[in-house]
1. Summing +1 for each Lys or Arg and -1 for each Asp or Glu, what net charge is found among the other residues whose Cβ lies under 12 Å from the Cβ of Lys368?
2. For q = 0.08, 0.10 Å⁻¹, what log10 I(q)/I(0) does the chain give under the Debye formula with an equal point scatterer on each alpha carbon and no solvent?
3. What is the gain in length, in nm to one decimal, between Ile12 and Leu83 on full extension, counting 0.36 nm per residue of separation less the C-alpha to C-alpha distance?
4. Leaving out ligands and nucleic acids, note down the accessible area per residue over the chain with a 1.4 angstrom probe, in whole Å².
5. Read phi for every residue in segment 316-326 and hand back ³J(HN,Hα) as whole Hz from Karplus 6.51 cos²θ - 1.76 cosθ + 1.60, θ = phi - 60°, with x for Gly and Pro.
6. Report, in listed order, any pair from Lys261/Lys336; Lys339/Lys435; Lys261/Lys467; Lys127/Lys467 with a Cα-Cα distance greater than 28 Å.
7. Need one value: the accessible area of Tyr89 in square angstrom, 1.4 angstrom probe, rounded to the nearest 10.
8. How large is the direction-averaged shadow of the alpha-carbon convex hull of segment 234-284, in nm²?
Amino acid sequence: MNSENFSISEKIVSSSYIRQGAQARRGHEQLIRLLLEQGKCPEDGWSESTIELFLNELAVMDSNNFLGNCGVGEREGRVASGLVARRHYRLIHGIGRSGDIAAIQPKAAGSSLLNKLTNSVVLDILKVAGVRTVSSCFVVPMATGMSLTLCFLTLRHKRPKAKYIIWPRIDQKSCFKSMITAGFEPVVVENLLEGDELRTDLQTIESKIQELGAENILCIHSTTSCFAPRVPDRLEELAVMCAKYNIPHIVNNAYGVQSSKCMHLIQQGARVGRIDAFVQSLDKNFMVPVGGAIIAGFDDSFIQDISRMYPGRASASPSLDVLITLLTLGANGYRKLLKQRKVFSTCSTTFQRFAVQEMYTNLAEELKKLAETHGERLLETSHNPISLAMSLCSLEKQNDRAVTQLGSMLFTRQVSGARVVPRGTEQTVSGYTFKGFMSHANDYPCPYLNAASAIGITKEDVTLCIKRLDKCLKTFKKEKCDQSSTLETSLTGNEGDPCE
């Protein structure tokens, strides 16, 4: 209510009570005012009542919610279901206009304000997470793969002769298909095996640039967050190379916002060389529903060019989800989630002492103990700050199908997200055949199991996963013992247990 309505209310209810209520209302309004003035994520999270008040205030600014509105167009924010309207807080018009996803809509001042504030708050959080010099970003209602495609299509207008994208191999379909969908030819550069880790082959990348000609290369498409034993690309060296040859550089930072290491690589790459844009998923970094991403960079004009490339208006749902989440957490709440992951620890006897995540450490220690119990080992991938890998050599020796069977067993036991990677798998993606698919290499030395300490994981998740994985591995060991016992009995007539 406004001040006039509060004054009228004092004639109905005791003025002292009304003034108390008005003061409480001003507390909510003060938080909203600071958000509008600063455009930054509030340090402390808001209550649900403040967030809902704010969203309702925005909604009444859109034309579909005007009292007595008469809409005679084809897009008037009409919604048949009240449930759908409430789900979206009656913010129905979406964001952007036909020529620019960041443009303001005359019919939807509230939704436009939502869009601008979300982009501003997200930019602040990217700085909090470690990329301090990022200058511009926007939320796009597409997942990471299509957002990368949008970046490539924008570069097409700047480099019309270019037809190649140099891509250090990472076995993830969407980032590969993002280049194909944009109409470019990926130049796949295999990784180097250094110890257990798969690392960027800088020499081959530079040779490819010289062979193909810099003017024929759209960009280098690098990666930060990835599944072990693949580790983040050497971003600083690639950024320097891009600056040297005047080649754009697009970074797939899918779930890297949660990792200070990944964000540091982007910050350093932009400092010493060239990074044109980096793309990250909303769901993986901010725990919201799938369907949104952030496109960010260090050149405002280029990021604006990407936003103008998006055709038509867009759904406001991803922007609404991430804004609600960040207002709920506040900057301090998001920092807490990041800090919970960072302590000093030693993950194995051969690892150097380095900053890792608390939950990463817990998961690494538990996987290491389990691996040793079953005659396996935790692969040493210290450059990967999120993902871990445990060898499965004994299963491979047992029979050809045991490794993939383990994956099925874990899934049926409600262990989601663990990836079991056998050797020798071939897969064709958009006409390109990859040997050893999922392992990021033609012939990685061993099969393995992946697990990740992503944001939001709990110790209970780790404990249950290890318990169920242990039970599955014991099942395979028992089957092996039973088979050996049967074989020995048939040969000698002795029913002794060969596994004892």
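The values are calculated or read from the model by the stated rules, or taken from the named source; none is laboratory data. Keep in mind the model is a prediction, meaning the values are calculated, not measured. Using ideal geometry, Cβ is built from the backbone for each residue, glycine included, and neighbour counts are taken over all protein chains shown. The accessibility values were calculated without ligands, DNA or RNA, using every heavy atom of the protein model including side chains. Shrake-Rupley method; radii C 1.70, N 1.55, O 1.52, S 1.80 Å.
1. Result for the neighbourhood of Lys368: -3.
2. Rounded to two decimals, the profile gives -0.59, -0.86.
3. Contour length minus Cα-Cα distance gives 22.1 nm.
4. 47 Å²
5. Per-residue couplings from phi come out as 8, 4, x, 5, 4, 4, 6, 5, 4, 5, 6 Hz.
6. Lys339/Lys435; Lys261/Lys467; Lys127/Lys467
7. Solvent-accessible area, nearest 10 Å²: 60 Å².
8. Average projection, Cα convex hull of segment 234-284: 3.1 nm².
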